Amino acid sequence: ANQTSNEASQTKRVMVIGGDGYCGWATALHLSKKGYEVAIVDSLVRRLFDQQLGLDSLTPISSIHNRIRRWKSLTGKTILLHIGDVCDFEFLSETFKSFEPDAVVHFGEQRSAPYSMIDRSRAVFTQNNNVIGTLNVLFAIKEFSDQCHLVKLGTMGEYGTPNIDIEEGFITITHNGRTDTLPYPKQASSFYHLSKVHDSNNIAFTCKAWGIRATDLNQGVVYGVRTDETAMHEELYNRFDYDGVFGTALNRFCVQAAVGHPLTVYGKGGQTRGYLDIRDTVQCVELAIANPAERGEFRVFNQFTEQFSVNELASLVTKAGEKLGLEVQTKSVPNPRVEAEEHYYNAKHTKLVELGLKPHLLSDSLLDSLLNFTIEFKDRIDTKQIMPSVSWRKIGAKPKTVAA
Ligand code: NAD
Ligand code: USQ
């Protein structure tokens, strides 16, 4: 039987790695509100990328210290904070020994596909940061908290766009008369997405070899910004990326509509992906924690609620914008990426629903409030950051153009 979050929250100490980021901050607050003991671990490297590339969140975001102080003053709840890099094993060991987590939610990676395709040094940074960081988390669990459940953020992009249905992690294949259930084939299409494939393999292996319990959440593209907790005070606001490096499809389109920039559909726009509302990200992570994997089990959940093509998103934003009196145009931008622009896509996503996920589907009212939110912060939009600046084919050709 599934545990309810109330029962589970009595005992659970949850370490949120990457808890200063977009998904991590919303999740840390949600878990704290639900009564979990939360410790945020973050190197703050994401704030540094913004400074290095001259980018900024649409929303002004407070320092992590002020965020946590504000949360305490509003709710009386304490969130512990450990600033450091999970690639530094000494730091991670101390953090594990002092906090003794029952569960670790690992969001703490370099998560932008374009960032990983800027040049060689960013490609190497991405794979080093992500793969070694996760490997260190696995070693820390083995050495210091071997009952601890790892909830790891993966990506739907690990599967690519095969011409058959996508299963949740595993596929049963009959070959030359014999049958086996095997990891679903991976065809990632950026050095970032590939880092997640490498992580999944390392996690699956340590579940077998050491009996680690792990859930790999293959998340789709997240949209939205407000959750119940981040909406409580401006110092709790979440980040909202709209630039060509860290901004993701639907969020970018809303900002573009707000400033009258044509929606940037890359290539033919038939690229189809799984999407979810950030309010469902926090719900899914809590469900995974409340219903942990068994010892030695490597579970994979596909974490998204609906599929859309880029063209469908553009047309939804156009309609929603028109209702608000915005004139929204779409422009086909030469695709900076190497990806299929017209393809079959049908991915399963039932396991989180079976655990109790109640999805917030993309609705007119959500699009309306997201558009109004972007309009509210319109003066902060730097339109120079909107067009894509990183090319998959010309990687490293002009490394300075991104910073300029
Ligand atoms: P984000 O960049 O906003 O947050 C990531 C956080 O991790 C940042 O605060 C960063 O400083 C921290 N971090 C990075 N490397 C670290 C390290 N070595 N040690 C400690 N902290 C480190 O990203 P996000 O959008 O919140 O994504 C969180 C996770 O969810 C990522 O793993 C990402 O791949 C995954 N994901 C995100 C989306 C999305 O649409 N945003 C979709 C699918 C999956
Ligand atoms: N796209 C456009 N126009 C834009 C931005 C994107 O057409 O202005 C297209 C892209 O070419 C791609 C699709 O939209 O085909 C999605 O791109 P994205 O930038 O929204 O998302 P992606 O690069 O895949 O990465 C994001 C997160 C990443 C996460 C991934 C989930 O940054 O951390 O892993 O979504 S998934 O897409 O399921 O792999």
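Going by the conditions given, is L366 buried (at least 19 other Cβ atoms within 10 Å of the Cβ), within 16 Å of ligand 1 (Cβ to nearest atom) and outside any loop (DSSP other than H, G, I, E, B)? No, not satisfied. In the stretch 60-77, the condition of being polar (S, T, N, Q) and in contact with a strand residue (DSSP E or B) (Cβ under 9 Å, 6 or more places away or on another chain) is met by no residue.
Scanning the stretch 272-319 for residues that are within 15 Å of ligand 2 (Cβ to nearest atom), of a type in the set (A, V, I, L, M, F, W, C) and in a strand (DSSP E or B), we see that the one that is nearest to the chain's Cα centre (by Cα) is L276.
The set of residues in the stretch 355-395 that are in contact with a helix residue (DSSP H, G or I) (Cβ under 7 Å, 6 or more places away or on another chain) and among the small types (G, A, S) contains only G356.
So which residues in the stretch 328-338 are outside any strand (DSSP E or B) and among the aliphatic types (A, V, I, L, M), if there are any at all?
V328, V338, listed by residue number.
The condition (being surrounded by fewer than 24 Cβ atoms within 10 Å (Cβ to Cβ) and within 30 Å of K384 (Cα to Cα)) is satisfied by just one residue among L48, L58: L48. Of all residues in the stretch 211-268, those satisfying the criterion of being out of contact with any Phe, Trp or Tyr (no Cβ under 6 Å at 6 or more places or on another chain), of a type in the set (A, V, I, L, M, F, W, C), under 28 Å from H65 (Cβ atoms) and within 16 Å of ligand 2 (Cβ to nearest atom) are V222, F240, F246. The lone criterion from (1) within 30 Å of P292 (Cβ to Cβ); (2) in a loop (DSSP other than H, G, I, E, B); (3) not β-branched (V, I, T) left unmet by Y344 is number (1).
One residue stands out in the stretch 150-196 among those that are of a type in the set (F, W, Y) and within 16 Å of ligand 1 (Cβ to nearest atom): the one that is nearest to the chain's Cα centre (by Cα), namely Y192.
For the stretch 223-238, filtered to residues that are buried (at least 21 other Cβ atoms within 10 Å of the Cβ) and farther than 14 Å from K33 by Cα, the residue that is farthest from the chain's Cα centre (by Cα) is Y237.
Assess whether D119 counts as being surrounded by fewer than 16 Cβ atoms within 10 Å (Cβ to Cβ), over 21 Å from E297 (Cα atoms) and charged (D, E, K, R). So D119 fails the test.
Criterion applied to G325, G396 was being assigned to a loop (DSSP other than H, G, I, E, B) and either of a type in the set (F, W, Y) or modelled with pLDDT under 95 (or both), and the one residue passing it is G396. Reported count of residues in the stretch 166-178, each being more than 16 Å from ligand 2 (Cβ to nearest atom) and either of a type in the set (D, E) or surrounded by 13 or more Cβ atoms within 10 Å (Cβ to Cβ) (or both), is 2.
Does the stretch 246-270 hold any residues that are hydrophobic (A, V, I, L, M, F, W, C) and either within 10 Å of ligand 1 (Cβ to nearest atom) or surrounded by fewer than 21 Cβ atoms within 10 Å (Cβ to Cβ) (or both), and which are they? Of everything in the stretch 246-270, those that are hydrophobic (A, V, I, L, M, F, W, C) and either within 10 Å of ligand 1 (Cβ to nearest atom) or surrounded by fewer than 21 Cβ atoms within 10 Å (Cβ to Cβ) (or both) turn out to be F246, A249, L250, V259. Would the stretch 200-211 turn up any residue that is among the β-branched types (V, I, T), modelled with pLDDT of 95 or more, surrounded by fewer than 17 Cβ atoms within 10 Å (Cβ to Cβ) and farther than 20 Å from G19 by Cβ? No, the conditions are met nowhere in the stretch 200-211. Filtering the stretch 84-106 for residues that are in a helix (DSSP H, G or I), β-branched (V, I, T) and either surrounded by 24 or more Cβ atoms within 10 Å (Cβ to Cβ) or more than 16 Å from ligand 2 (Cβ to nearest atom) (or both) leaves a non-empty set. What residue, among those in the stretch 291-330 that are exposed (fewer than 15 other Cβ atoms within 10 Å of the Cβ) and more than 30 Å from I166 (Cα to Cα), is nearest to ligand 1 (Cβ to nearest atom)? Ranking the qualifying residues of the stretch 291-330, first place goes to K319.
Can you go through T59, T27 and tell me which one is β-branched (V, I, T), more than 10 Å from ligand 1 (Cβ to nearest atom) and either under 18 Å from V105 (Cβ atoms) or under 19 Å from the mean Cα position of the chain (by Cα) (or both)?
Unique residue meeting the criteria: T59.
So that you can scan it fast, the table gives a plain yes or no per residue for (1) buried (at least 17 other Cβ atoms within 10 Å of the Cβ); (2) within 18 Å of D85 (Cα to Cα):
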position	(1), (2)
V124	no, yes
N129	yes, yes
T134	yes, yes
D180	no, no
S189	yes, no
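The values are calculated or read from the model by the stated rules, or taken from the named source; none is laboratory data. Predicted, not measured: the structure shown is a model, and the values here were computed from it. Here Cβ is always computed from backbone atoms with ideal geometry, including for glycine, and neighbour counts include all displayed protein chains.
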